[in-house]
Amino acid sequence: MKSILVTGYSGQLGFAFAELLKRSNWDGIIATPSRSELDWSNLESIQNYFAKNTFDIIFHAAAYTNVELAEEQEDQATFINATSLISLAQCIDASKTWLIYFSTDYVFDGSRKEPYNEHDTPAPLNAYGRSKLAGEGVVQRLFPQHSIFRVSWLYGNRGKNFFLTMLSLGATKDHLNVVNDQLGSPTFVDDLAQDIYQALLLHFNGQCNVHGLMHYSPEGIGSWYDFAQQIFNLAQIPINLSPVSSDAFPQKAKRPSYSKLDNTLFQSKTGIVPASWMKQLEHCWDKKKDAQ
């Protein structure tokens, strides 16, 4: 019987994983504290919460994720994504707690044109990427039992993400310009949660070991333009799309032009082969239709 804390329940990944646990009849306590109960930007909140609560596993999906605003608030982004974990380690018995931390493809600069693996040297271009890389370092130093999953381009049927933004724009626009010079793998949070959950079960059954750093990525690669095309095709929304360079949308935070993650290690450890990004998008669209 394992007690598990799922942080970031108000976000898309934390919500997806917690709801999956509840549907699966997880044999143990599942805690999903609200921000008023556990605020990762507040040291006192962290200390108070963990003075009263202990867990076997912490699925840490809470994060500072506003890439643009992080350029102005790097200290806050770093506190939430990294420094807060130092406080966590001081509040719990880190040697007995398995911390599952989610990082990002933005730890890389995108200068290469082949998938990044776990041995490639990070070189983040923006404050958000730096804050998540710092978080990886804290986890590796202070939590003997840890799993770090780098993921990319997350989306789902709740919150704010590219998938929902395109559907919203498609309802009111007849033409859109979409960036086609940034390449990666869009990742549906429900499929990600399901694959990580299956990996945990295999781990507990002694069939694999998923401690350490791994890349999770759907099969295939596409641009934001490709992603938008597939969204509108599935939704059967007639709209004219024009591919444009990133220069058409000036932003404070630089993005890597290529951030495809190599999932070979994850596959070899677990035997789980993530679905292609287009198949994951179909799963997301089907769930959206079913919920309507």
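So Arg23 fits all but one of (1) in contact with a helix residue (DSSP H, G or I) (Cβ under 9 Å, 6 or more places away or on another chain); (2) modelled with pLDDT under 95; (3) not hydrophobic (A, V, I, L, M, F, W, C); what number is the exception? It fails just one condition, (1). Being assigned to a helix (DSSP H, G or I) and without any contact (Cβ under 8 Å) to a residue 60 or more places away in the chain is a property that Lys289 has.
Taken over segment 1-31, the criterion of being of a type in the set (A, V, I, L, M, F, W, C), surrounded by fewer than 19 Cβ atoms within 10 Å (Cβ to Cβ) and closer than 13 Å to Gly156 by Cβ is satisfied by Leu20 alone.
Restricting to segment 115-126, and then to whatever is in contact with a Lys or Arg (Cβ under 9 Å, 6 or more places away or on another chain) and in contact (Cβ under 8 Å) with a residue 24 or more places away in the chain, can you tell me which residue is surrounded by the most Cβ atoms within 10 Å (Cβ to Cβ)? By that ranking, first place goes to Tyr116. Please determine whether any residue of segment 38-54 is out of contact with any strand residue (DSSP E or B) (no Cβ under 9 Å at 6 or more places or on another chain), charged (D, E, K, R) and in a loop (DSSP other than H, G, I, E, B). Among the residues of segment 38-54, at least one is out of contact with any strand residue (DSSP E or B) (no Cβ under 9 Å at 6 or more places or on another chain), charged (D, E, K, R) and in a loop (DSSP other than H, G, I, E, B), which makes the answer yes. Each residue in segment 259-278 was checked for being touching a Gly at 6+ places or on another chain (Cβ under 9 Å), not in a loop (DSSP other than H, G, I, E, B) and not small (Gly, Ala, Ser), and 5 of them qualify.
Residues that are within 25 Å of Ala16 (Cα to Cα), under 21 Å from the mean Cα position of the chain (by Cα), not aliphatic (A, V, I, L, M) and not in a helix (DSSP H, G or I) occur in segment 187-207; there is at least one. Does Lys287 count as among the basic types (Lys, Arg) and either farther than 19 Å from Phe149 by Cβ or out of contact with any helix residue (DSSP H, G or I) (no Cβ under 9 Å at 6 or more places or on another chain) (or both)? Judged against the criteria, Lys287 is a match. Scanning segment 160-189 for residues that are surrounded by fewer than 21 Cβ atoms within 10 Å (Cβ to Cβ) and touching a Gly at 6+ places or on another chain (Cβ under 6 Å) yields no hits at all.
The values are calculated or read from the model by the stated rules, or taken from the named source; none is laboratory data. Because the structure is predicted, anything quoted here is derived from the model rather than measured. Here the Cβ is made from the backbone with ideal geometry for all residues, glycine too, and neighbour counts use every protein chain on show.
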